[in-house]
Amino acid sequence: MNAWWIVLGVVVALPVLLWIGLHVAAVPYPAVCEAGEVSASVPLPSELPAPVTRFYQTVYGDEIPAIESAVISGRARLRIAGITFPSRFRFSHVAGQDYCHDIESTLFGLRLMRVHEAYVDGRSRVELPFGVTEGEPKVEQAANLGLWAESIWLSGVFLTDERVRWKAVDEHTALLIVPYGEAEETFVVRFDPATGLIRTLEAMRYRSEASEEKTLWLNEILAWDERNGFLVPSEASVTWLDEGTPWAVFRVEEIVYNVDVGELVQSHRR
């Protein structure tokens, strides 16, 4: 009988311990010591769709900053195999060109899984605990969309990069057309009628190299805050349409612009 009570106690305790462990926040990455300056700017173009003009006037005013790189850091909750883990992230971008991701998911604040992902010179490499994926065309299509979706944190690049263009749809919607190699990809961008800020970016994206078809991929901006003198998203979620709920929610704690990330990004290409 005592043995049965022990088994029952273990069965009851394990879910409780797991629940507790999943609610211990990840420790943030160390702050980026080097702070870059954003001084150069270009005038806001005069011929943009109306909601796009309103957005940039709200975020930057009439001068668009020249942002060449960014390091975005914070904490997140990521759903993996049906379980939502506390995590921390650091995204390093060469504006409109390359990125590298460092993501760690934790349990009881201890690292459980680490992901290194890079998209450099149009080539992707994803390092997961169970293997490496490199040079897969569908993964690279997804990575390219990731590059541009994350550029919402340095949204001036949507105007300063000559390969990017906007196309009008209606008073609260526009198309954002971005390069993908020799081709292009398109985001449907929806703006909040009340604030004029971007609310969602939507695109058709491959989920993995095994995907036969693209799935609608939704990036929703949940909150905005002022950082470095500009309005930027402070919280955002990512959802696959067929899942219905976000698999990731990112909360930004630090953004540093125009720092040298070239060596860091290149180091992820092995």
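Hey, among the residues in segment 261-270 that are farther than 15 Å from L154 by Cα and part of a loop (DSSP other than H, G, I, E, B), which one's modelled with the lowest pLDDT?
R270
Run W217 past the list (1) touching a residue at least 40 places away in the same chain (Cβ under 8 Å); (2) touching a strand residue (DSSP E or B) at 6+ places or on another chain (Cβ under 8 Å); (3) not in a strand (DSSP E or B) and report the number of the one that doesn't hold.
All conditions are met except number (3).
Specify the residue that is nearest to T53 (Cα to Cα); the eligible residues are those in segment 183-213 that are among the basic types (K, R) and in contact (Cβ under 8 Å) with a residue 24 or more places away in the chain.
Result: R205.
Of (1) part of a strand (DSSP E or B); (2) free of Cβ contacts under 8 Å to residues at least 12 places away in the same chain; (3) not hydroxyl-bearing (S, T, Y), E162 satisfies all except one. Which?
Going through (1) part of a strand (DSSP E or B); (2) free of Cβ contacts under 8 Å to residues at least 12 places away in the same chain; (3) not hydroxyl-bearing (S, T, Y) one by one, E162 breaks only (1).
If you scan segment 46-67, which residues turn out to be assigned to a loop (DSSP other than H, G, I, E, B), crowded, with 18+ Cβ neighbours inside 10 Å and within 21 Å of the chain's Cα centre (by Cα)?
Listed by number, the residues that qualify are Y60, I67.
Could you check segment 149-159 and list, in sequence order, the residues that are assigned to a helix (DSSP H, G or I) and surrounded by 22 or more Cβ atoms within 10 Å (Cβ to Cβ)?
S151, W153, L154, V157, F158, listed by residue number.
Where residues in segment 28-48 are without any contact (Cβ under 8 Å) to a residue 40 or more places away in the chain and out of contact with any Asp or Glu (no Cβ under 7 Å at 6 or more places or on another chain), which of them is farthest from P65 (Cα to Cα)?
Here the answer is P30.
The values are calculated or read from the model by the stated rules, or taken from the named source; none is laboratory data. Worth saying up front: this structure is predicted, and the values here are computed from it rather than measured. Cβ: placed from backbone, ideal geometry, glycine included. Neighbour counts: every protein chain shown.
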